[in-house]
Every structure is written in structure tokens, then in C-alpha cells.
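Report on the structure given below.
The values are calculated or read from the model by the stated rules, or taken from the named source; none is laboratory data. Because the structure is a prediction, the values reported are computed rather than measured. Here the Cβ positions follow ideal geometry from the backbone for every residue, glycine too, while neighbour counts run over all protein chains shown. Just the protein is used for accessible areas: all its heavy atoms, side chains included, with ligands, DNA and RNA removed. Shrake-Rupley method; radii C 1.70, N 1.55, O 1.52, S 1.80 Å.
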Amino acid sequence: MSEEVITEGKERPRRASFKGTGFLRLWSGETVSLAGAEVTFMAMGIAAATTLAATPWQMGVLEAAESAAVLLLGLSAGVWADRYERRRIMQLANAGRFLLVLSVPLLFWLDALTMPVLYAVVFGVGALTLLFDSAMSAYLPRLVPRHQLGAANSWMEASTSVGSVAGPGLAGLLIQIMSAPFALIVDAVSYLVSSAALAGLPKAEPGAADGAGDDEQGDGKQGAAEGAEPESHRKAVLKGLELLLRDRVQRPMVLAAAHFNIFHAMFFSVHTLYVLRVLGFSPALLGATSMAGGVAGLLGATSTTTITRFLGQGRALILVYASPGLSAVLVPLAHFSHNKALAVTLVALSTFTWTFAVIINLVISETVKQTLVPDRLLGRVTASTRFISWGVQPVGALLGGWIGGLIGLSEVMLLAAVGLFTSALWPLLSPVRHLVEAPAPSDTATPDER
């Protein structure tokens, strides 16, 4: 069980050492890839808003396209992550994302780039990212001992934050020099770097015994009992959902995430339009303010252990679900400052506090899940979690685009702020608020998994 989840009196947790596990190789490759992904995140939105003159509704559809993949393929991605060799899945996902992202500058050069093309590319990248992440989450416990999962997840979220620091600034600079579509070439190359890093790591064949990563690596060849009939795809999908929804800790956590993500998508469906058109920021300035989120993410990832040791996982989750609602108000408030420097400060502060809270949330949630769920079900439970929590994002994004065109962008942001704040009610009014140490994995297994 992870020492990052359990608070053991006053005893200090063991210092994480990833020597010989291959984790640092995985982490470095993922850091480069995530920096490239940040370039894509900004470049897609800016290309739509400037190059293609998108409307608020079209921006909402673009925001919805990525998470729509979760609804169609989310549960199946988890089954595939549990049934096939996980490192190979990640490499195939990287190859697909490379080709899709590279198609955007090519089509722009051929004067064939349209909003429907952007929708399709974003949908495809979202589907492959879901597959990659499901395999990654299930692969990580094979690389590091179970007691180091909390530290490893902090490193992975720090990796996201490093990308958030480098990516937006690089994106703003590249977009100013090269135009938004051509800036995507950087992200395409980053997927090749990620694949190169994965190539030197051990395989993770399906069916290894649970706890293989606890003190030693499993051989990856332990499968179902000899002579047993293969499990149907439908039954495999339902088993992951059942485990997740029967668990008294993980169920309210995933419902809180779904609640939060509806309003997160609503807010960010109009964020780029608002900052560029209403506040008058340049792409480079938008990139610079986004870098504040990267710094906050690094601080959040490195301070999660201290915060949870002081507050416990439950209380920390309540705070980090509530605080983005307060952060969201700062962006529309910047319009009334009548001072460009103050407006920049407020937008950067919003990004900083929002990201700090979200990163802590992700580290806690991921560590709890990896600690509780048996290895053979981890890919499915990860995908089920994202199916529920990410699958609602198209609803929020489309609502944001529609309401933004109907009553105004500021009003959408304020409505989203209220929704974000109330997501804290799920951990507050459930057993999650008492969470200091996670129960043993057997407490959450379905009867046939015990």
C-alpha cells in the first residue's frame, strides 16, 4: 500500500528511489510529450479563433470533440489496456497521435484546413490519448514498488507541470513566428520522443499477479487459470464499472470529478475567446499567463505529500475541489480592472491557483485508485473513471459555447464558477471526507475478485 496514501502517525515516509525501475526514463519521455501537447492545446484553440474565425458555438464543439471520444471508446480502452501488452499500446497510441497532429499543418499548407477537420483531429487525438493514459496508469505499478506509487504520481503530475511551464510560452512564441497550425509540428515530434523513451522499458504483459510491483516485478506471464473460458468484452467492461461504482470511496470521488469537469469544460470552452477578444491579449501573452499554471503544478505536485499528511486525503480533496470555483471568477473580473497589467495579473493568478488545486486532486485520486484496484482490473477501472468523469465534458463544452453566444462570455464564466465550487459537496457529504488512509484492496474488490 502506498505510503503517500497512508498517514502512519508521526513516522516519516521512506524517501522515493526509482533507481533501476525505468521510471525516470518513462518520466523524461512523458515530460517532452506533455510539453508538446501544451503547444497543441493552445495552437488548436488559437488556430480556430484566429485562422478560421470560429464562433463561440464552434469553440464549444472543438472543446467537446476531444472528450467525446471518451463516450464512444472510453470503456473499451480500459479492456484493451488490461488485455494487451501495455507498453506496445502506448507506442501505437503515440504513432497515431503523431500522424493526426502532423496532418493539421499539412492541410493548412494545402489550404484545406477547416473546422470539421479540426474536430476530427481533436477527436482522434483524444481517443488515442485516452488509450495511452489507460495503459500508462496500469503500467506504472509494474515499474515501481507499491509503496512508491504516491511519489511516482507526484513526479508524473510534476511532468505535466513542466510541460505546462515550457509548452505555453513555447506555443506563444511559435505561433507569433510560424502561425498556429505550423506550431503543431513541435507536438508531433514530441510523440516520437515519448516512443523512443518507451522503447527501452520492460514489457507489461497482461495477467500478471496483483502486487507484482510491490517489491519485485512480475514476469507478466501469469494469466487466467488454465482451461478457463476467455472473458467477453462486455463482461470485462462491466467488471471495471462494477468495482468502481460499488466502492464507497471511489464512487463519490468519480462523481465529484464528473461534476467538476462539466463546469471545467464550460469555462474553458470560451476561455481562449474571452482572453483574446475581450481582454485583448496576444497569443504570446496568453502563453505567458498560462505558464503560471505550470509553476503552480510543480508546487502542487511536490507539496501534495506534506498537505495530505497535515490534512488527510479527504479534507485536502474538499479544498481542492472548491478552490477552482473562486479562481474562475478572477478571469471575468479582469475585464473590469481597466488596467492591462492588472488584467494580466488576475488571469495568471487564476491559472496559478486553479492548477495548484487540480494537480493535488489528481495526485491523490490516482494514488488512491492504484492502491485499491487489483492490477488485472486497473486499466478498466482507469478507463471507467475517465468514461464517467471525462464523458460529461462534451455537455459542458457545448453548453458553454451555446450560452456564450446567447448571453455573453463573462456570464458563462461566472455560471461555471458556481458549478465548480459546488463540486466540493461530493467529498464533503460522503465517507471521502474521513479519508486519511486507503482501505486494503480486498475491501473494494467485487465478490469474484476477492
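Scanning the range 72-96 for residues that are modelled with pLDDT under 90 and over 21 Å from Leu378 (Cβ atoms) yields one hit, Leu72.
Please enumerate the residues belonging to the range 410-430 that are touching a His at 6+ places or on another chain (Cβ under 9 Å) and either open to solvent by 30 Å² or more (accessible area, probe 1.4 Å) or under 17 Å from Leu273 (Cα atoms) (or both). Result: Ser410, Met413, Ala416, Thr422, Leu425, Trp426. Would you mention how many residues in the range 127-145 are of a type in the set (S, T, N, Q) and open to solvent by 10 Å² or more (accessible area, probe 1.4 Å)? Of the residues in that region, 1 qualify. The set of residues in the range 387-403 that are under 12 Å from Ala69 (Cα atoms) and aromatic (Phe, Trp, Tyr) comprises Phe387, Trp390. Restricting attention to the range 347-382 and to residues that are open to solvent by less than 10 Å² (accessible area, probe 1.4 Å), among the small types (Gly, Ala, Ser) and within 22 Å of Val412 (Cβ to Cβ), the residue that is farthest from the chain's Cα centre (by Cα) turns out to be Ser350.
Yes or no, residue by residue, for (1) assigned to a helix (DSSP H, G or I); (2) within 26 Å of Ser137 (Cα to Cα); (3) open to solvent by less than 20 Å² (accessible area, probe 1.4 Å); (4) modelled with pLDDT of 90 or more:
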residue: Ala284; (1), (2), (3), (4): yes, no, no, no
residue: Ala288; (1), (2), (3), (4): yes, no, no, no
residue: Val295; (1), (2), (3), (4): yes, yes, no, no
residue: Ser327; (1), (2), (3), (4): yes, no, yes, yes
residue: Ser337; (1), (2), (3), (4): no, no, no, no
residue: Thr345; (1), (2), (3), (4): yes, no, no, yes
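Here's a check for you: in the range 383-392, which residue that is open to solvent by less than 10 Å² (accessible area, probe 1.4 Å) and at pLDDT 80 or above is nearest to Leu72 (Cα to Cα)?
Gly391
Residues in the range 19-51 that are among the charged types (D, E, K, R) and either open to solvent by less than 40 Å² (accessible area, probe 1.4 Å) or under 22 Å from the mean Cα position of the chain (by Cα) (or both): Arg25, Glu30, Glu38.
When Ala204, Ala196, Ala236 are screened for being out of contact with any Ser or Thr (no Cβ under 8 Å at 6 or more places or on another chain), modelled with pLDDT of 85 or more and open to solvent by less than 80 Å² (accessible area, probe 1.4 Å), only Ala196 passes. Residues in the range 262-277 that are open to solvent by less than 30 Å² (accessible area, probe 1.4 Å) and among the aromatic types (Phe, Trp, Tyr): Phe267, Tyr274. For the range 297-320, the candidate set comprises residues that are within 15 Å of Val358 (Cβ to Cβ) and small (Gly, Ala, Ser); within that set, the residue that is surrounded by the fewest Cβ atoms within 10 Å (Cβ to Cβ) is Ser303. Of the residues making up the range 104-112, one or more are open to solvent by 20 Å² or more (accessible area, probe 1.4 Å), in a helix (DSSP H, G or I) and closer than 23 Å to Ser194 by Cα.
When you look at Ser67, is it polar (S, T, N, Q) and crowded, with 23+ Cβ neighbours inside 10 Å, yes or no? Considered against the rule, which asks whether it is polar (S, T, N, Q) and crowded, with 23+ Cβ neighbours inside 10 Å, Ser67 comes out as yes.
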